[in-house]
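Novice: First the structure, then my questions, so here it is.
The values are calculated or read from the model by the stated rules, or taken from the named source; none is laboratory data. These numbers come from a predicted model, not from an experiment. Because the Cβ atoms are built from the backbone with ideal geometry, glycine has one as well, and the counts that use them run over all protein chains shown. Just so you know, the surface numbers come from the protein's heavy atoms only, side chains and all, with ligands and any DNA or RNA stripped out. Shrake-Rupley method; radii C 1.70, N 1.55, O 1.52, S 1.80 Å.
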Amino acid sequence: MKQRPYIICHMVASIDGRIDCSMVDKISGDEYYTTLEKLNCPSLLEGRVTLEHYSAEKEPFVPTEEKPVGKPSVHVAVRSDAYMVAVDTCGRLRWPSSEVDGTPLVCIVSEQASEEYLDYLRGLEISWICVGRDAIDLPQAMEILHERFGVERLAVLGGGHINGGFLEAGLLDEVSLLLAPGIDGRKGQTALFDGIGDMNRPPVPLHLMSVEPLANGTIWIRYKTK
């Protein structure tokens, strides 16, 4: 059996389970980052929406020719003890540099991404993993992340559809949840785990590891998934 990293989903949410970035910024402080440090996950993974909000350029990458890669591809631009992993199915994120906060980027895309986008990443000396014909093959991507990049522990930092994808694929080992003292309540906002289409899928049982109240009214809850 191929190996993958030990994966922890680390999130902050309002008490109704909503995770809109602008909203949670208003009801939480720096406890998200201080607790993240305690998880001992040097490598982090975020989805396209979160990265557009915090790290990537605002204008998307638009290829001059929509010619998909159409086959698996891996490029290791740099070796590091830690990576910022970006999940970007179609290859649309543009980057100001090859690093986010001093940590080298690894972009995970599907085979629907354009050849032009991979050339763009290569020019910036950004690593990539390209797997999955129509959508990213998350299990295979995690195996490659372990085998080719040496990632042993990985923190998945959302959003809701990325979290839902990892949950649906059975890839989460832990959930680390900061429940912030605030309520969103707005219709249609993304939940902590979202986007799973199988309406008959049973819920995933969790096993409580710890509960810790923090100084500002936030509660840190950790669960095992297995």
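Novice: Can we say residue 203 is under 23 Å from the mean Cα position of the chain (by Cα) and without any contact (Cβ under 8 Å) to a residue 24 or more places away in the chain?
Specialist: Numbers: under 23 Å from the mean Cα position of the chain (by Cα): yes; without any contact (Cβ under 8 Å) to a residue 24 or more places away in the chain: yes.
It is true that residue 203 is under 23 Å from the mean Cα position of the chain (by Cα) and without any contact (Cβ under 8 Å) to a residue 24 or more places away in the chain.
Novice: Follow-up question, since we're still on this one. Please go through region 97-117 and pick out each residue that is open to solvent by less than 10 Å² (accessible area, probe 1.4 Å) and not polar (S, T, N, Q). Break it down into steps so the answer makes sense when it comes.
Specialist: As a first pass, look at region 97-117 and keep what is open to solvent by less than 10 Å² (accessible area, probe 1.4 Å): 105-110, 113-114, 117.
Correct list: 105, 106, 107, 108, 109, 113, 117.
Novice: I want to confirm something. Restricting to region 119-170 and keeping residues that are surrounded by fewer than 22 Cβ atoms within 10 Å (Cβ to Cβ) and touching a His at 6+ places or on another chain (Cβ under 8 Å), which single residue is farthest from residue 98 (Cα to Cα)?
Specialist: The residue in question is 152.
Novice: List every residue pair whose Cβ atoms lie under 7 Å apart, where the two residues are 6 or more positions apart in sequence or sit on different chains, the first residue falls within region 158-183 and is of a type in the set (Val, Ile, Thr), and the second residue, located anywhere, is buried (at least 21 other Cβ atoms within 10 Å of the Cβ) and in a loop (DSSP other than H, G, I, E, B).
Specialist: These pairs meet every condition: 183/14.
Novice: Also, I was wondering about something else. Would you say residue 225 is out of contact with any Cys (no Cβ under 7 Å at 6 or more places or on another chain), among the β-branched types (Val, Ile, Thr) and surrounded by fewer than 19 Cβ atoms within 10 Å (Cβ to Cβ)?
Specialist: On the way: out of contact with any Cys (no Cβ under 7 Å at 6 or more places or on another chain): yes; among the β-branched types (Val, Ile, Thr): yes; surrounded by fewer than 19 Cβ atoms within 10 Å (Cβ to Cβ): yes.
Yes; evaluated as a whole, the condition is true for this residue.
Novice: Let me ask something else. Please work out if residue 85 is farther than 21 Å from residue 126 by Cα and either in contact with a strand residue (DSSP E or B) (Cβ under 9 Å, 6 or more places away or on another chain) or modelled with pLDDT of 95 or more (or both).
Specialist: Details: farther than 21 Å from residue 126 by Cα: no; either in contact with a strand residue (DSSP E or B) (Cβ under 9 Å, 6 or more places away or on another chain) or modelled with pLDDT of 95 or more (or both): yes.
No.
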